[in-house]
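Undergrad: Sharing a structure here in structure tokens format.
The values are calculated or read from the model by the stated rules, or taken from the named source; none is laboratory data. All values reported here derive from a predicted model rather than from experimental measurement. FYI the Cβ positions are ideal-geometry reconstructions off the backbone, even for glycines, and counts take in every protein chain you see. In case anyone asks, the SASA skips ligands and DNA or RNA and just uses the protein heavy atoms, side chains included. Shrake-Rupley method; radii C 1.70, N 1.55, O 1.52, S 1.80 Å.
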Amino acid sequence: MVHRRRVSAHEYEYDEKSIVVTEAKSYAAGVPAVLVSLQRGVEQMGPGRTAYSLAKLNQRKGFDCPGCAWPETPGHRKHAEFCENGAKAVAEEATRRTVGPDFFATHSIDDLLGRTEYWLGQQGRITHPMVLRPGATHYEEIDWDSAERMIADELRQLATPEQAIFYTSGRTSNEAAFLYQLLIRSFGTNNMPDCSNMCHESSGSALSASIGIGKGSVSVPDIENADLILIAGQNPGTNHPRMLSTLEKAKSNGARVIAINPLVEAGLRRFKDPQKVGGVVGDGVAIADEYLQIRLGGDMALFQGLGKMFVDADDEAPGTVIDRAFVETYTAGFDDWIDHIRGVDMDVVLEATGLSMREIRDTAEALVHSEKTIVCWAMGLTQQTHGVATIEEAVNLLLLRGMIGKPGAGVCPVRGHSNVQGDRTMGIWEKMPESFLAALDDEFGIHSPRDHGLDAVDSIRAMRDGRGTFFMGMGGNFVSATPDTAVTEAALRNCSLTVQVSTKLNRSHLVHGRSALILPSLGRTDRDVQASGKQFVTVEDSMSMVHASRGGLRPSSAFMRSEVSIVCGIAEKLFGPGHSVPWGSFRDDYDRIRDSISRVVPGFEDFNRKVRQKEGFGLPHPPRDSRTFHTSTGKANFAVNELTWLPVPEGRLMLQTMRSHDQYNTTIYGLDDRYRGVKGGRRVVFVHPDDIASMGFVDGEVVDLVSEWQLPDGTVAERRADRFRIVAYSTPRGNAAAYYPETNPLIPLDHVARKSNTPVSKAVVVRLERRRHG
Ligand SMILES: Nc1nc2c(c(=O)[nH]1)N[C@H]1C(S)=C(S)[C@@H](COP(=O)(O)OP(=O)(O)OC[C@H]3O[C@@H](n4cnc5c(=O)[nH]c(N)nc54)[C@H](O)[C@@H]3O)O[C@H]1N2
Ligand SMILES: Nc1nc2c(c(=O)[nH]1)N[C@H]1C(S)=C(S)[C@@H](COP(=O)(O)OP(=O)(O)OC[C@H]3O[C@@H](n4cnc5c(=O)[nH]c(N)nc54)[C@H](O)[C@@H]3O)O[C@H]1N2
Ligand SMILES: [Mo]
């Protein structure tokens with residue numbers, strides 16, 4: 001029996017007819033990158049604002065790039081410390097286009113539901129608080145005071161605080177995140193799903209268990225000085241372009257780079273730094289020395305296979321491969337691990353990875369000869385059913401070689417959103433530890449709830465089942481970023497009130513509860529003035545460095561408020577005068593928020609002084625700093641995992657959903673994926689030429705994607721996304737790739753990673769289906 005779940009097709013305009021496909025690029029950046037940055041800037045901001053904002057981007061007295069979380073190089077901020085995609089992120093936020101009450105009067109919700117995310121985002125910055133009344137067809141203007149009152153009234157009448165769900169995206173500053181979680185915990189719930197749940201949650205789970213802290217252990221200088229860098233499941237040319245400059249430096253210092261990726265990504269092949277003469281007129285530099293074009297989900301098998309080769313080599317020449325002194329002093333679980341790894345079948349490893357014995361042996365040799373190894377990874381590893389185990393296996397390899405807690409070596413989960421790591425540090429997590437909650441209670445005289453809250457997937461279930469009735473999003477685009485679009489949309493529509501604090505229009509404003517609010521927020525680039533004068537905020541990058549960010553542009557409307565001020569306004573209405581948290585004083589002067597943070601969050605002592613230092617400051621990282629491991633055993637733990645991989649069922653494809661070069665998550669900058677040679681549209685599916693032929697299709701044909709998900713009772717649930725143009729592309733047989741968020745309707749809500757509950761966005765079983773009509 002087959003259950004069919006169809007997602008209404010009106011949600012995205014089809015663009016497959018306008019798509020032009022050319023050959024994929026063999027290098028990233030170069031002169032075209034600069035031209036595209038300037039062009040997008042001038043289109044959105046005009047020449048003056050473009051020049052001003054690009055000059056302030058990632059500079060000490062400027063603002064932190066709202067793009068990715070890659071750190072600035074300490075001590076060497078180049079005059080233009082930005083990249084094409086950082087420039088696009090700025091253009092998108094600092095645009096002069098605006099969406100105000102007139103826009104909402106002209107466009108009904110129904111009209112807007114028929115538009116693409118691209119179209120919605122291109123309309124401009126939201127300028128006024130807007131409300132959608134029960135049964136209304138259009139949003140209308142509302143004053144801040146009434147909006148705050150609506151939220152407070154709704155929260156107060158809930159039967160239990162557990163009915164409220166508070167989402168956070170990763171651009172929120174430390175100060176705003178700290179106050180937001182304080183409001184939520186003062187109110188009485190830990191229901192704090194965040195974008196991390198869909199992103200690096202698997203990294204956090206794995207690293208906490210293995211080394212006792214869920215963050216990366218390396219700095220930029222470590223990468224520059226490593227002799228071997230593995231980059232698995234990450235596309236830095238598009239998603240972390242400034243990482244390429246760091247890799248270029250590492251290469252010039254003699255590092256070897258091994259890329260592990262089913263797609264041959266341009267940025268991992270060559271980099272032409274447009275700020276160097278060689279990058280303008282020459283061929284640039286090669287990045288990857290080896291390119292392992294692995295099968296989707298094969299990384300765990302690769303890491304176990306490498307582990308087995310280590311063990312075999314060490315058996316032959318004891319003490320030459322395994323760092324026995326490190327293992328004995330600093331780790332636990334080695335004996336169990338070695339018993340397990342001896343049993344790994346190399347034939348399974350070859351099958352699971354699709355790699356050759358030579359490729360795996362060469363990689364093992366590179367690792368054995370390296371004194372300073374770093375493993376970098378992103379969504380290709382985390383968004384898998386066995387993502388946590390895969391990352392644990394990568395850590396096992398590093399532990400064997402003593403690669404944690406020494407310069408030039410360690411783990412490097414490359415974060416997504418520019419402050420996603422900081423938001424976690426500030427308490428945005430549904431299961432913060434007791435030590436944090438106790439410190440928070442002490443500082444503010446509140447009683448934080450101790451029961452764990454809901455993460456993203458569990459929040460959707462709660463709203464679907466009527467247990468969650470209030471939703472608030474601090475940034476982000478929950479409806480489009482989460483899996484199983486039909487289920488998630490129905491869940492949101494079940495709510496009594498949905499509130500979105502946003503800079504730009506997106507689909508989450510259109511899929512709403514009985515009532516809905518849009519609250520327009522200042523962004524990173526905007527000047528933020530409060531009672532005590534001009535304010536700055538702080539962020540934490542992917543390598544645990546904290547620094548200040550000061551917006552300088554005049555906000556395009558006087559009605560926008562900072563996220564800090566929005567949280568304080570809601571809290572004042574909710575808790576009334578005399579609450580033990582000084583909300584008004586926090587809004588007036590962000591230094592006072594930082595003073596409280598300095599007493600609650602470890603590592604932030606003397607925050608206000610330290611953040612005013614030239615380069616900000618680094619947070620403690622016990623494994624890196626002193627080989628101290630706050631784990632269950634007090635040591636770094638070897639993990640033992642049954643080898644898991646993803647066989648592709650006959651006649652089907654394993655689909656990964658990923659980013660094009662012209663988007664920031666659900667914000668679509670444009671319709672070109674320059675590096676992969678696709679222009680003018682996004683509804684494409686990349687498939688191996690032999691698979692296209694064997695399934696009886698041709699390159700360029702338009703097909704529907706149908707995902708198949710086996711339910712516990714053995715029946716198969718189907719989900720469908722219409723009209724994708726097949727693009728013949730270099731990827732392992734049986735694997736396919738297409739863009740997110742267009743493919744999110746295909747991802748089952750229950751298909752999640754073990755332990756981290758992260759949606760499995762990189763392995764969806766699909767079949768291609770010929771379209772019956774046109
Ligand atoms: N310009 C821009 N920058 C961004 C973002 C953006 O959308 N646009 N998003 C930000 C965010 S929130 C994040 S989390 C990061 C995301 O950064 P990435 O993780 O680089 O993003 P994805 O596009 O999801 O790319 C996943 C990569 O992993 C590979 N991959 C997929 N499955 C597997 C697998 O099973 N094994 C291996 N080895 N590789 C695999 C894919 O081929 C692809 O190269 O980027 C951040 N920066
Ligand atoms: N299929 C599939 N799904 C995925 C992924 C995938 O690879 N495949 N990746 C997942 C990942 S890694 C992530 S991180 C999530 C991303 O999920 P989200 O973080 O929820 O999504 P974004 O698209 O980054 O959010 C964009 C919106 O944020 C708002 N915004 C931007 N800047 C600001 C600001 O400064 N303040 C406020 N208040 N609002 C702002 C704008 O209104 C904009 O429309 O998606 C996940 N979903
Ligand atoms: Mo992310």
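Undergrad: 7 Å from Cα along Cα→Cβ at both Arg592 and Val348: what's the point-to-point distance in nm?
TA: Those two pseudo-labels are separated by 6.0 nm.
Undergrad: I'd like the FRET efficiency for His447 and Arg609, computed as 1/(1 + (r/R0)^6) with the beta carbon distance as r and R0 of 35 Å, rounded to 0.05.
TA: Approximately 0.65, to the nearest 0.05.
Undergrad: How much solvent-accessible surface does His128 expose, in Å² to the nearest 10, with a 1.4 Å probe and all protein chains in place?
TA: 30 Å²
Undergrad: Choose one of Gln234, Thr98, Ala352: the residue whose Cα lies farthest towards the positive end of the charge dipole of the chain (beta-carbon charges +1 Lys, Arg; -1 Asp, Glu; about the Cα centre).
TA: Thr98
Undergrad: In nm, to one decimal, how far is the Ser356 label point from the Val529 one, both placed 7 Å along Cα→Cβ?
TA: Using points 7 Å along Cα→Cβ, the separation is 6.7 nm.
Undergrad: In nm, give the distance between the simple-model label positions of Lys406 and Thr106, each being 7 Å from the Cα along the Cα-to-Cβ direction.
TA: Taking the two extended label points, one gets 6.4 nm.
Undergrad: With Cβ to Cβ distances under 9 Å as the rule, what net charge do the other residues near Ala266 carry (K, R +1; D, E -1)?
TA: The answer is +4.
Undergrad: Compute, for the chain, the length of the dipole vector about the Cα centre, with Cβ point charges of +1 (Lys, Arg) and -1 (Asp, Glu) only. Units Debye, rounded to 20. It would help to have the intermediate numbers written out before the result.
TA: Working: 88 positive and 98 negative charges, 415 e Å.
It works out to roughly 2000 debye.
Undergrad: Using only Cα atoms, locate the centre of segment 602-644 and the centre of segment 502-563, then give the distance between them in Å, rounded to an integer.
TA: So the two Cα centres are separated by 29 Å.
Undergrad: What percentage of the solvent-accessible surface of segment 352-502, computed with a 1.4 Å probe over protein heavy atoms, is contributed by carbon and sulfur atoms?
TA: Result for segment 352-502: 51 percent of the exposed heavy-atom area is carbon or sulfur.
Undergrad: Let me ask another. What's the center-to-center distance, using Cα atoms, between segment 212-228 and segment 343-388 in Å?
TA: Cα centres, segment 212-228 to segment 343-388: 19 Å.
Undergrad: Could you grab the relative contact order for the chain? Cα pairs under 8 Å, six or more apart, rounded to a whole percent.
TA: Dividing the mean separation by the residue count of the chain yields 22 percent.
Undergrad: Sticking with this one: Sort by residue number and name the cysteines in the chain that have no neighbouring cysteine Cβ under 4.7 Å.
TA: If one checks each Cβ against the other cysteines of the chain, Cys65, Cys68, Cys83, Cys195, Cys199, Cys495, Cys568 turn up with nothing under 4.7 Å.
Undergrad: Strictly over 26 Å apart at the Cα level, which of Lys251/Lys679; Lys372/Lys635; Lys504/Lys755; Lys215/Lys249; Lys88/Lys276 would you flag in this model? Let's see the in-between values first.
TA: Details: Lys251/Lys679 32 Å; Lys372/Lys635 21 Å; Lys504/Lys755 33 Å; Lys215/Lys249 23 Å; Lys88/Lys276 21 Å.
Flagged as over cut-off: Lys251/Lys679; Lys504/Lys755.
Undergrad: Still on this model: Given a Förster distance of 25 angstrom, what is the FRET efficiency for Arg96 paired with Val31, based on the Cβ-Cβ distance and rounded to 0.05?
TA: For Arg96 and Val31, the calculated efficiency is 0.40.
Undergrad: Rounded to the nearest 0.05, what FRET efficiency do Asp713 and Ala136 have when you use their Cβ-Cβ distance and R0 = 35 Å?
TA: 0.25
Undergrad: If the label point is 7 Å along Cα→Cβ of Asp323, which residues in segment 398-420 have backbone nitrogen under 16 Å from it?
TA: Those under the cut-off are 398-412.
Undergrad: Cα gyration tensor of segment 327-401, axes a ≥ b ≥ c as square roots of the eigenvalues: rounded (a/c below 1.5), prolate (a/b > b/c) or oblate? Mind dumping the intermediate values first?
TA: Values: a/c = 1.26, a/b = 1.19, b/c = 1.06.
Rounded, since a/c falls under 1.5.
Undergrad: In deg cm²/dmol and to the nearest 500, what is the mean residue ellipticity at 222 nm of the chain if only DSSP H runs of at least 4 residues count, each as -39500 (n - 2.57), divided by the residue total?
TA: -10000 deg cm²/dmol
Undergrad: Starting from the Cα-Cα distance between Lys679 and Arg771, subtract it from 0.36 nm times their residue separation and give me the gain in nm to one decimal. Don't jump to the answer; show the numbers that get you there.
TA: On the way: separation 92, 0.36 × 92 = 33.12 nm, distance 2.27 nm.
Full extension from Lys679 to Arg771 adds 30.9 nm.
Undergrad: Something else: May I have the pair-distance distribution P(r) for the chain, computed from all Cα-Cα distances with 20 Å bins from 0 and rounded to whole percent?
TA: 17, 53, 29, 2
Undergrad: Then there's this: Specify the inter-centroid distance of segment 713-774 and segment 395-445, based on alpha-carbon positions, in whole Å.
TA: 32 Å
Undergrad: Working out 0.36 nm times the residue gap between Ser146 and Ala286, then minus their Cα-Cα distance, what length gain in nm do you get to one decimal?
TA: Gain on stretching Ser146 to Ala286: 44.6 nm.
Undergrad: For the chain, give me the percentage of DSSP beta bridges that are antiparallel, rounded to the nearest 5 percent.
TA: In the chain, approximately 40 percent of DSSP beta bridges are antiparallel ones.
Undergrad: Taking square-rooted eigenvalues a ≥ b ≥ c of the alpha carbon gyration tensor, is segment 653-770 rounded, prolate or oblate, where a/c under 1.5 means rounded and, failing that, a/b exceeding b/c means prolate?
TA: Details: a/c = 1.90, a/b = 1.22, b/c = 1.55.
Since a/c reaches 1.5 but b/c is at least a/b, the shape of segment 653-770 is classed as oblate.
Undergrad: Tell me, what is the percent relative contact order of segment 24-93, built from C-alpha pairs under 8 Å that lie six or more residues apart?
TA: RCO, segment 24-93: 42 percent.
Undergrad: In segment 653-770, what percent of the accessible surface is made up of carbon and sulfur (1.4 Å probe, ligands and nucleic acids excluded)?
TA: 50 percent
Undergrad: Okay, moving on. So what's the net charge close to Asn190: Lys and Arg +1, Asp and Glu -1, counting the other residues with Cβ under 14 Å from its Cβ?
TA: Once positives and negatives cancel, what remains is -4.
Undergrad: By DSSP, what percent of the beta bridges with both residues in segment 201-413 are antiparallel, rounded to the nearest 5? Provide the component values of the computation, followed by the final result.
TA: Working: 2 of 19 bridges.
Expressed as a percentage, antiparallel bridges in segment 201-413 total about 10.
Undergrad: Right, something else. Counting alpha carbon pairs within less than 8 Å and at least 6 residues apart, what relative contact order, in whole percent, applies to segment 634-757?
TA: Computed over segment 634-757, the figure is 30 percent.
Undergrad: Which value, in Å², gives the accessible area per residue of the chain when a 1.4 Å probe is used on the protein heavy atoms?
TA: 34 Å²
Undergrad: Give me the number: length gained by fully extending Lys431 to Asp339, i.e. 0.36 nm times residue separation minus the C-alpha to C-alpha distance, one decimal in nm.
TA: Length gained, Lys431 through Asp339: 29.7 nm.
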